Amino acid sequence: MVDLVNALIVLLNYIFIPALSYGSQLALGALGVSFIYAILRFANFSHGDLMSFGAMMTILFTWVLQSYGISLGFLPTAILALPLAIFATILFCLVTDKFVFRHYRTKKSTPVVLAMISIGVMFVIQAIVRIIIGPDDRQFFDGQKFIMKAKQFKEITGLSEGLAIKSTQVITIFVTIILVSLLFWFLQRTRTGKSMRAFSDNEDLALLSGINPDKVVFITWLIVGALATVAGTLYGLDKSFKPFTYLGLVLPIFASAIVGGIGNPIGAVVGGYVIAFSEIMVTYAYKKFFIYLLPQSLEPSGLVQLLSTDYKFAVSFSILVIVLLIRPSGIFKGRTL
Amino acid sequence: MASMFLLVGFGQSWSLSLSILNMCIISAVMSMGINIQWGYAGIFNVGIMGFTALGGLAAVLVSYSPVGEAWRVGGIGMIISLFLLIITIVAVFFLNRVFRNSSYKYWIIGLTIIIGLILINLFFRPAVQAIENVNPAVTGFLGGLGLPIIFSWIVGGLFAAGVAFVIGKITLGLRSDYLAIATLGISEIIITVLKHEDWLSRGVKNVIGLKRPVPYEIDLQKTDWFISLISYLNSSKLGKVSDSLESEKLLNQLVIEGSSIFVKLNYMILFTIVLLFILYLANKAQFSPWGRMMRAIRDNETSANAMGKNIVKRHLQVFVIGSAVVGIAGAMLITQSGLFTPASFLPLRYTFLIWVMVIVGGSGNNVGAILGGFVIWFVWIEAAPVSQYLIEILTAALHDENKFKLHLIDSVPYFRYLIMGSVLLLIMRYRPKGILPEKVRHS
């Protein structure tokens, strides 16, 4: 019995909690991609770097706050800096929209051309981020690192397996729940949210019924900027901030959005968790888990790992391919908010 | 453009100028491959990096001499696992046919794949272990076929075409941006495989010293005809030096410089032949009925479909051809450098830069793609020194220890990205057809 509990704790500690927080970060990123796709109707390849821009802004504001000696006690200062960073990122989004994307929207360019433009934007954002903050790894987490340390857990429960909960993980999950519920409330209940849904469902009809397209696009960038900043900051807090890694996030984010049904916010959230859980479950070495469960004679000699962690990309890609083959529109039917 | 190379030749060095030129030619081949996909058919491929790397892998597998020891300890295991892999794939196809209408189809196929993978692992893992333990400091992989590296240019094209076929089969029937994401994914996976499958490509330990299709500098410096050629070319310079010892020294130095230039010239000739050959074929195809059909599909899919053209099949065809050209360029790239470093295939350098080339040069125009390749590679190389120079001028008023100035100088390499991104955005905005727009011949 104790062994079973220990085995479950192993799964909880190494798979469930990390996947939940990683999945939340992916879900927030995928939501951003989905919003752009549903309203502006193109695949935004610069979203990963927009996240890194947002995270960079948070870091800069954190430094400013820290230099004034302001902190949040056991919580990271970054949370205080987050609203300022969101504001800066939204401003940046609106500027890029005005100078870059608007032109192609009025020209009614094809989605592929817009995707190409987003690659140009990606280049520029990468340059800006690297010029301002440099390409190095940055830790900007302060405050209390663990809510529950492995050792404490062992002492409390008397089990031989520890359960460590990092405060960043709890913050990530908490912030995601708040943000996602706010977003759904906005889309379902408010007048502006409804007009956005109408716009994404059928643009011509929405325009006929007097919805102002500029306002819809403006709100979209507000939401996307906020989501990107929060997602980028949470990812940076949880791991560490390195501009290069955000480019690699583009693939899992897109995979999440497509798996869930691109353009569908519920799909984006579910897709994020599907991708995160499968990535971590497939690349985790189950040796410890089986040692607790199986009798000593049957203990596995190898790591019992399906794929080495280097092939994380392959997992999200394979899921993407499987979904495209079996159900091209995603788990939830995509295309509209 | 030619004057730019002369400028670098006189200003910096001839050897540098020629190596930039060689890279320009390779980039031009790549951008022609992408032009075939984007310019002819409007297919958006973001996995250029992966196809380039496949070409590079071909160069290793064709030219490196086989490692006999590794084949002896792990060869059988590898062959059995390859055999099992083929059986699994065939079985999946077969089951897909048989259970076409069954609701259990996906479960059955999934089960087959899992059983296949377990069986393969039984043979694959030990074989890999054995191969990687064979003298890991020098080999630790299966090696290649030991053929002349020139063949790899064809093999690289075939590798890339094969992968493109599979990817295209899966995604080309779907929305256009799905292909972009799928190619992005597959290229990441190809790079990861090359980085971590040591038995195949030595992974991050890199493969060095690939055989060359052209003579080595060291050998040239010892051959008589080359020395006499150099002394003939520089006879006036040598004549001015009266002292025989001095003249010997000068000649020696000239021979060393000359040999490196000679090797690069040889590469240049080989690459130019490939470039012109592909350009000829590409132009021929573009102005043939096939090319007109592709243009019709690109410009109006619905009406082309109504005319009875099979759009998915044509897209697959053009996707495979374009990727093959990129694969050839990848093999050429590795041939030139003689070393294969999987970690150096970065998406910015090998995917997005090529896109800038195609867009700037003029999509749909092969000569434009070549021009774009030359201009953009040149700008990419020279952007760093030029932006450093500019920053130094602009911040001359600031103190040397000024933090802002030091920070700017540290971030010089990233001004390239800024320049490239801005170039892409400006061209797309103000000259969407590129420097040399597509010419449509009406007959």
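Observations on the model:
This table checks each residue for (1) touching a residue at least 60 places away in the same chain (Cβ under 8 Å); (2) touching a Phe, Trp or Tyr at 6+ places or on another chain (Cβ under 9 Å).
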{"residue": "B:Ser259", "(1), (2)": "no, yes"}
{"residue": "B:Val263", "(1), (2)": "no, yes"}
{"residue": "B:Leu276", "(1), (2)": "no, no"}
{"residue": "B:Leu281", "(1), (2)": "no, no"}
{"residue": "B:Ser288", "(1), (2)": "no, no"}
{"residue": "B:Gly291", "(1), (2)": "yes, yes"}
{"residue": "B:Ala296", "(1), (2)": "no, no"}
{"residue": "B:Glu301", "(1), (2)": "no, no"}
{"residue": "B:Met307", "(1), (2)": "no, no"}
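- Entry remark, the range B:147-164: residues being free of Cβ contacts under 8 Å to residues at least 24 places away in the same chain and crowded, with 22+ Cβ neighbours inside 10 Å number 0 in total.
- Taken over the range B:284-323, residues that are more than 29 Å from the chain's Cα centre (by Cα), surrounded by 15 or more Cβ atoms within 10 Å (Cβ to Cβ) and of a type in the set (A, V, I, L, M) amount to 2.
- Filter pass, A:Leu75 being modelled with pLDDT of 90 or more, away from chain B (no Cβ under 14 Å) and surrounded by fewer than 19 Cβ atoms within 10 Å (Cβ to Cβ): no
- When restricted to residues that are of a type outside the set (Val, Ile, Thr) and closer than 27 Å to B:Glu438 by Cβ, the range B:6-49 contains 20.
- Looking across the range A:306-331, the residues that are outside any helix (DSSP H, G or I) and either within 9 Å of another protein chain (Cβ to nearest Cβ) or within 17 Å of B:Thr183 (Cβ to Cβ) (or both) come down to A:Leu306, A:Ser308, A:Pro328.
- The test for being buried (at least 21 other Cβ atoms within 10 Å of the Cβ), away from every other protein chain (no Cβ under 14 Å), out of contact with any strand residue (DSSP E or B) (no Cβ under 8 Å at 6 or more places or on another chain) and not charged (D, E, K, R) holds for B:Met332.
- For the range B:165-204, filtering for residues that are more than 9 Å from every other protein chain (Cβ to nearest Cβ), surrounded by fewer than 21 Cβ atoms within 10 Å (Cβ to Cβ) and modelled with pLDDT of 85 or more leaves 3.
- In the range A:96-112, residue surrounded by the fewest Cβ atoms within 10 Å (Cβ to Cβ) [restricted to those that are in contact (Cβ under 8 Å) with a residue 60 or more places away in the chain and more than 12 Å from chain B (Cβ to nearest Cβ)]: A:Arg105
- Flag if A:Pro300 is in contact with a Leu (Cβ under 9 Å, 6 or more places away or on another chain), outside any helix (DSSP H, G or I) and more than 23 Å from A:Gly32 (Cα to Cα): yes
Results for (1) among the hydrophobic types (A, V, I, L, M, F, W, C); (2) within 14 Å of chain B (Cβ to nearest Cβ); (3) within 18 Å of A:Ala85 (Cβ to Cβ), shown as yes or no for each residue.
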residue	(1), (2), (3)
A:Val121	yes, yes, no
A:Lys149	no, no, no
A:Phe153	yes, no, no
A:Leu159	yes, no, no
A:Ile173	yes, no, no
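- Residue under evaluation B:Ala53, criteria (1) farther than 20 Å from B:Gly168 by Cβ; (2) in contact with a Leu (Cβ under 7 Å, 6 or more places away or on another chain); (3) in a helix (DSSP H, G or I), criterion not met: (1)
- Of the set (1) within 14 Å of chain B (Cβ to nearest Cβ); (2) at pLDDT below 90, all apply to A:Ile70 but (1).
- The C-beta contact set for the range B:223-242 (first residue free of Cβ contacts under 8 Å to residues at least 12 places away in the same chain, second residue of a type in the set (A, V, I, L, M), distance under 8 angstrom, 6+ apart or interchain) comprises B:Val241/B:Leu250.
- Looking only at the range B:391-443, and only at residues there that are assigned to a helix (DSSP H, G or I) and either in contact with a Cys (Cβ under 7 Å, 6 or more places away or on another chain) or among the β-branched types (Val, Ile, Thr) (or both), the one that is farthest from the other protein chains (Cβ to nearest Cβ): B:Ile393
- For the residues A:Ile178, A:Ile117, the requirement of being in a helix (DSSP H, G or I), away from chain B (no Cβ under 14 Å) and either surrounded by fewer than 17 Cβ atoms within 10 Å (Cβ to Cβ) or at pLDDT 90 or above (or both) singles out A:Ile178.
- Failed item in (1) in contact (Cβ under 8 Å) with a residue 60 or more places away in the chain; (2) closer than 30 Å to A:Gly260 by Cβ; (3) part of a helix (DSSP H, G or I), with B:Ile170 passing the rest: (1)
- Across the range A:254-268, the number of residues qualifying as within 12 Å of another protein chain (Cβ to nearest Cβ) and either modelled with pLDDT of 90 or more or under 18 Å from B:Leu184 (Cβ atoms) (or both) comes to 7.
- Counting only helices (runs of 4 or more DSSP H) wholly contained in the range B:273-384, the ones carrying 1 or more residues that are charged (D, E, K, R), in contact with a helix residue (DSSP H, G or I) (Cβ under 8 Å, 6 or more places away or on another chain) and over 26 Å from B:Ser17 (Cβ atoms) occupy B:289-299, B:301-306, B:311-337.
The values are calculated or read from the model by the stated rules, or taken from the named source; none is laboratory data. For clarity, every value in this text was computed on a predicted model and none was experimentally measured. Here Cβ is always computed from backbone atoms with ideal geometry, including for glycine, and neighbour counts include all displayed protein chains.
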